[in-house]
1. Placing +1 on the Cβ of each Lys and Arg and -1 on the Cβ of each Asp and Glu in segment 73-153, which of S73, V98, F150 has its Cα farthest towards the positive end of the resulting dipole?
2. Please work out, to two decimal places, the log10 of the ratio I(q)/I(0) at q = 0.09, 0.10, 0.15, 0.16 Å⁻¹ from a Debye calculation in which every Cα of segment 27-152 carries one identical scatterer.
3. How long is the gain from E117 to S22 if the chain were fully straight, where each residue apart is worth 0.36 nm and the alpha carbon distance is subtracted?
4. Output ³J(HN,Hα) for segment 50-62: one whole-Hz value per residue in order, computed from phi by the Karplus curve 6.51 cos²θ - 1.76 cosθ + 1.60 with θ = phi - 60°, and x for Gly and Pro.
5. When the Karplus curve 6.51 cos²θ - 1.76 cosθ + 1.60 is applied with θ = phi - 60°, which whole-Hz ³J(HN,Hα) does each residue of segment 143-158 get, with x for Gly and Pro?
6. Semi-axes, largest first, in whole Å: what does sqrt of 5 times each Cα gyration tensor eigenvalue give for the chain?
7. With 15 Å as the cut-off, how large is the P(r) tail for segment 85-173, expressed as percent of Cα-Cα pairs?
8. Near D209, within a Cβ-to-Cβ distance under 15 Å, what is the net charge of the other residues, with Lys and Arg +1 and Asp and Glu -1?
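Readers should treat all values here as calculations from the given coordinates under stated rules, not as data from a laboratory. None of the values given here were measured: they were computed from a predicted structure. Note that we place each Cβ from the backbone using ideal geometry, even for glycine, and neighbour counts take in every protein chain shown.
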Amino acid sequence: METAPAPIVVAIDGPSGTGKSSTSKAVAVKLGLSYLDTGAQYRAITWWMLTNGIDVHDAAAVAAAAGKPAIVSGTDPAAPTITVDGVDASGPIRTQEVTDAVSAVSAVPRVRARITELQRSIAADATRGMVVEGRDIGTTVLPDADLKIFLTASPEARAARRNGELAGKDTTGLTATRAALLKRDQADSSRKTSPLAKADDAVEVDTTDLTLEQVIECVVTLIEEKQRSK
Ligand code: DC
């Protein structure tokens, strides 16, 4: 008789444009795991700051308000949700205004402490196992994760993915996307508190020359190998 695999916690970190979200969701769906998008949580708290008139570049003001919004993440990978004070925030958190402000807000230690605690409690409740994607999951949030994966890709590949499929698009857009991505990476990698970083024990997967399907396949194989050895 086949026994169900033990619940597994998988941390998937890396910069934007590496296929992290698409891969994490697809892998979780395939393997029947829950899924947590931690970037969405930082975006949600950023959106709350913006809509409540907090100056996102005033770290003291952001820290003072960090405990106020109630952020709830739905962890079904087929239909992940996020609410702030009971309001669906899944659309507003993807606006350019939020993208431009999220690095500043997520660099504030009190914001990180609050969101990290939330992430740990969600992962602790994931009885069927979970894929948690972000920037500092393997290093800080879940240093004991069963498997840590760090996705990378060249800046060109990441900018091209972010811009959508290129046909017919002018290169000004691509250049601007690449510059914005690199700026956000630089901010996320250089902040003092839990920066974007590869954990020493993470498996690095360079997705530059891989299709999304190939990345998914690679991550599924890594997880299944880990499940067998658990
Ligand atoms: O993955 P994303 O682009 O939606 O993430 C948005 C921002 O949130 C990213 O620029 C940095 C921040 N973030 C973070 O600081 N730590 C995480 N674990 C996830 C995201």
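1. It is F150, whose Cα lies furthest towards the positive end.
2. For segment 27-152 at q = 0.09, 0.10, 0.15, 0.16 Å⁻¹, log10 I(q)/I(0) is -0.24, -0.30, -0.68, -0.77.
3. Details: separation 95, 0.36 × 95 = 34.20 nm, distance 2.46 nm.
Result for the pair: 31.7 nm of gain on full extension.
4. Couplings: 5, 6, 9, x, 7, 6, 5, 9, 9, 4, 5, 5, 5 Hz.
5. x, 9, 3, 5, 9, 10, 10, 10, 8, 10, 6, 5, x, 5, 5, 5
6. Details: eigenvalues 148, 106, 50 Å².
After diagonalising the Cα gyration tensor, the semi-axes are 27, 23, 16 Å.
7. Numbers: 2904 of 3916 pairs.
That tail contains 74 percent of the Cα-Cα pairs.
8. Working: positive: R158, R161; negative: E156, E204, D206, E213, E217.
Result for the local shell: -3.
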